[in-house]
Each structure stands twice: as structure tokens, then as C-alpha cells.
Amino acid sequence: MVVRSLFTRRDSGTPSLYTLSFWLLSTSNFLFSASFSMMIPELPDYLTGLGGREYIGLIIAFFTLTAGLSRPFSGKVTDTVGRVPVMAFGSIVCFVCGFLYPYLLTVWGFLILRLIHGFSTGTKPTATAAYVADVVPATRRGEAMGTLGLFTAMGMSLGPAIGSWLAHAFSMNVMFWTSSAFALLSIGILLRMPETLVNTQPFRFGLLKLKKEEIFDRQALPPFIVLLLQSVGYGVVVTLISTLSTSLGITNKGLFFTVYTLASLGVRLVFSRTSDRYGRVPVLIFSTALLAVSMALLIVAQTPFIFWTAALLYGFASGMNSPTVQAWTADLADEATRGRAMATMYIALEAGIGLGALGSGWLLNHIDGDAGITASFAMSALLALVATGYLIVFGRRDKRQQLSGTH
């Protein structure tokens, strides 16, 4: 069986997570996340230079729109055609879009390309999460998702800083082409990956016809709700953090992403197995409350010290949230529809980011002064608190059900 070949056996007989295939997948994730994230800090100013300042909120919203719409399709294709082809498709989209940005010099040409670019994150992460769940024991999913997330987080950390440096030291075009090159390398690595789906089918367009039950996996509803509320904050951050950085005199607008992602890396290194030991919901209660605190700090960030403190706390929260939500989704899903469950989870991510970007962009353009920024981060903090409350209620209900089941 293909899956068995991915594991090496220790003397104790337990499977090792850290095989060649796992490292290849992790490296591909690093390159992919660096590819699309390196341009994020510079895009608001770039769109403003094209004459589209009023459309700043659409930079992320358009990207997440197609990412979210493509999730049900990518989930079905992941469960039928295979994990590796869907991962490769996502990287190919990143490669093509990064190459084309310098040639579309109108506002709507740029925004249409952002729509197309969104298909990349609508496909690759879905298949990647399903791939990892295929090859990792349920008791080590939190650890595996955390370790894989280290590489994703490194890409998200280094990408924005590299992108800002390239844009200022050379040009925006060099930044776009470097993004494209990173995606190309990601594709090359995937060619060495063995497929983990046992009964694969050839791709046919009929697979893109979805039944009602194939659009949304009800078993993934709890993670969907939590991630939707959490991810609004990220949409606000990617839309407004460059503006807030500039107002505080911080010239490299990608450094916030670097700081928070390095903090996320540290959490993943030290606490990658926490949710495996103590449970998904208890970890999420703590990390979501921490997310609310970080958003609250950005409301009052009048000095670089508070700004960087918020970045650190946001990174700590993100480092716990992401792998735990992924592992929780895998726990709740049926093996035969794991791709659909992961797609459902990611729909929440894209919807939350898109709503955060749209809402904060609207507030920035319709409320004078810094009040729009303040209102946006206040909205994010409030929604994170709502998610924390939901998790507390869910955890208590789940505990009562477990106790009633034992008697």
C-alpha cells in the first residue's frame, strides 16, 4: 500500500513522521506560502499607484473569494483524483499569476488577476491537509500539523520581508517574478511525492458537478464556526497593518508579518503536541482568547512597543490555532470524505479573511482619521471573544456527552 511506504519504523514499532516525503511536502509548503505572501505588504501601495486606493479592501477579498468558492471543488477532486495533482495545480496558479502581475497595469486587470490567484490557496492547502491526515496516526495529528505548519509559517514570515526588500531594492516587477520562481520550485518538489489516495480516478469535468451534500461537510461545522470568527482578524491585519506601520514610522511594512510568524514558529516548536495531550478544544479556548488580546492591543497601538507586543501575541495565538483546528477537523471527519471536511474548514478561513478585508477596507475609506483602523481591530477582537465563548459552551457540552456515554 502506498501509505505504508511513507513511514519508517523505529525500534519501538511506532511510525516516524519525519520521512523524506514529509520533508518534501514541508519544503513545498514553505516555497508556496512564501510565493503568495511576499507581495502582500506592498500590494496596497501598488494598487494606490495604479489609481485604485478605494479598492484596497478588494486585494484580499477577491483573492479569498475564489479561494473559498473553489474549496468544495478542490475537496471533491482531492477525494477522487488524488492529493498530489490538486497540490500541483495550486502551485501552478501561483507561478502563472506571479509572472503576469507586471503586465497587467490597470486597476481592474490587477484585481482580475487577484481573483485568479485565489485558486492557488483554494486548492493546495486542502489537498496538503488531507495528505498529512492520510499518513499520520490520529494520536499525532496535532504534532504533524504543527511541524508542517512550521514550514508554512517560515514562508509566511520570510516572504513579506523578502518581498518588501525586493520591491525597494530593485522593483515591484522583480518581486513579482521572484514570487513566480518560488512557486515553480514548489511544483518541482511535488513531482517527487507519492500519491496517498488509494482508489484514484482520472480527472474529468463531470467531477466539478457538485451535489448538495458535497459542498459542505456537516461534521466540520464546529471548526468551521471557530475558524470563521478567528480569521476575520487576519483579513483586517493584511489590509491595515501596512497603514498602521507607516503611521508609527516603521518603514518595512513586512516586519509585522515576520515578527508574528516567528512567534508562531516558536509556539509550534515547543507546543506542537499540546492538543494531542490535552485536547483540541481546551487549547483553542486559550489561543482564541489570546487572539482577542492581540487585536485589542492593536486598537491602542500608539507606540512601536505595543505594536510589536501585539505582533508577538498574535503569533502565539496563530501558532496554536492553525494546527489545532486542522487536527480537530481531521478528528471529526470520515476517512472517505476527508478532503471535503478540510475544504469546509478552509471555506471558513477564506470567508473570514475576505469579510475582514472588505469590512476594514470599507471602514478605512468611510471613517475619518484613525477611527476606521480602531473600529476594524475592535471588530476582530469582539469576534475572537465570541469564538472563545462558543468553544467554552461546546467543550462543556462535549464533556457532558462523554460522561453520559460512560454510564
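The values are calculated or read from the model by the stated rules, or taken from the named source; none is laboratory data. In this text, all values refer to a predicted model and were calculated from it rather than measured experimentally. Note: ideal-geometry Cβ built from the backbone for every residue, glycine included; neighbour counts use all protein chains shown. When the accessible area is computed, the model is the full protein with side chains, heavy atoms only, and any ligands, DNA or RNA have been set aside. Shrake-Rupley method; radii C 1.70, N 1.55, O 1.52, S 1.80 Å.
Is it fair to say Arg218 is under 22 Å from the mean Cα position of the chain (by Cα), open to solvent by 70 Å² or more (accessible area, probe 1.4 Å) and at pLDDT 80 or above?
Numbers: under 22 Å from the mean Cα position of the chain (by Cα): yes; open to solvent by 70 Å² or more (accessible area, probe 1.4 Å): yes; at pLDDT 80 or above: yes.
Yes; evaluated as a whole, the condition is true for this residue.
In the list Ala317, Ala301, Ala333, Ala343, which residue meets the criterion of being over 20 Å from the mean Cα position of the chain (by Cα) and touching a residue at least 12 places away in the same chain (Cβ under 8 Å)? Full working, then the answer.
Details: Ala317 fails: over 20 Å from the mean Cα position of the chain (by Cα); Ala333 fails: over 20 Å from the mean Cα position of the chain (by Cα); Ala343 fails: over 20 Å from the mean Cα position of the chain (by Cα).
Only one candidate qualifies: Ala301.
Out of all the residues in the stretch 137-156, is one or more of a type in the set (S, T, N, Q), open to solvent by less than 10 Å² (accessible area, probe 1.4 Å) and either under 20 Å from Asn321 (Cα atoms) or at pLDDT 80 or above (or both)?
Filtering the stretch 137-156 for residues of a type in the set (S, T, N, Q) gives 139, 147, 152.
Okay, now just the ones that are also open to solvent by less than 10 Å² (accessible area, probe 1.4 Å), so none.
Scanning the stretch 137-156, I find no residue that is of a type in the set (S, T, N, Q), open to solvent by less than 10 Å² (accessible area, probe 1.4 Å) and either under 20 Å from Asn321 (Cα atoms) or at pLDDT 80 or above (or both), so the answer is no.
Suppose the filter is open to solvent by less than 20 Å² (accessible area, probe 1.4 Å), within 17 Å of Trp177 (Cβ to Cβ) and without any contact (Cβ under 8 Å) to a residue 24 or more places away in the chain; does Leu113 pass it? Against the criterion (open to solvent by less than 20 Å² (accessible area, probe 1.4 Å), within 17 Å of Trp177 (Cβ to Cβ) and without any contact (Cβ under 8 Å) to a residue 24 or more places away in the chain), Leu113 qualifies. Just to be sure, is Ala348 buried (at least 17 other Cβ atoms within 10 Å of the Cβ), among the hydrophobic types (A, V, I, L, M, F, W, C), at pLDDT below 85 and closer than 29 Å to Gln219 by Cβ? Against the criterion (buried (at least 17 other Cβ atoms within 10 Å of the Cβ), among the hydrophobic types (A, V, I, L, M, F, W, C), at pLDDT below 85 and closer than 29 Å to Gln219 by Cβ), Ala348 does not qualify.
Can you go through Val81, Val132 and tell me which one is open to solvent by 10 Å² or more (accessible area, probe 1.4 Å) and of a type in the set (Val, Ile, Thr)? Working first, answer last.
Values: Val132 fails: open to solvent by 10 Å² or more (accessible area, probe 1.4 Å).
The match here is Val81.
Residues in the stretch 314-331 that are open to solvent by 20 Å² or more (accessible area, probe 1.4 Å), modelled with pLDDT of 85 or more and either closer than 20 Å to Ala127 by Cα or among the aliphatic types (A, V, I, L, M) (or both): Met320 only. Of the numbered criteria (1) under 24 Å from Arg338 (Cβ atoms); (2) open to solvent by 40 Å² or more (accessible area, probe 1.4 Å); (3) small (Gly, Ala, Ser), the one Ala181 fails is (1).
Could you tell me whether Ser171 is out of contact with any Gly (no Cβ under 7 Å at 6 or more places or on another chain), without any contact (Cβ under 8 Å) to a residue 12 or more places away in the chain and surrounded by fewer than 21 Cβ atoms within 10 Å (Cβ to Cβ)? Here the answer is yes, as Ser171 does meet what is asked. If you go through the stretch 315-338 one residue at a time, do you hit one that is aromatic (Phe, Trp, Tyr), in contact with a Leu (Cβ under 9 Å, 6 or more places away or on another chain) and in a helix (DSSP H, G or I)? Yes, the stretch 315-338 contains at least one residue that is aromatic (Phe, Trp, Tyr), in contact with a Leu (Cβ under 9 Å, 6 or more places away or on another chain) and in a helix (DSSP H, G or I). Just checking, how many residues over the stretch 111-164 are within 14 Å of the chain's Cα centre (by Cα) and more than 25 Å from Tyr55 (Cα to Cα)? Final tally of qualifying residues: 18. Please work out if Leu166 is open to solvent by less than 40 Å² (accessible area, probe 1.4 Å), modelled with pLDDT of 80 or more, in a helix (DSSP H, G or I) and among the aliphatic types (A, V, I, L, M). Here the answer is yes, as Leu166 does meet what is asked. Of Ile92, Ile60, all but one fail to be modelled with pLDDT under 85 and in a helix (DSSP H, G or I); the exception is Ile60.
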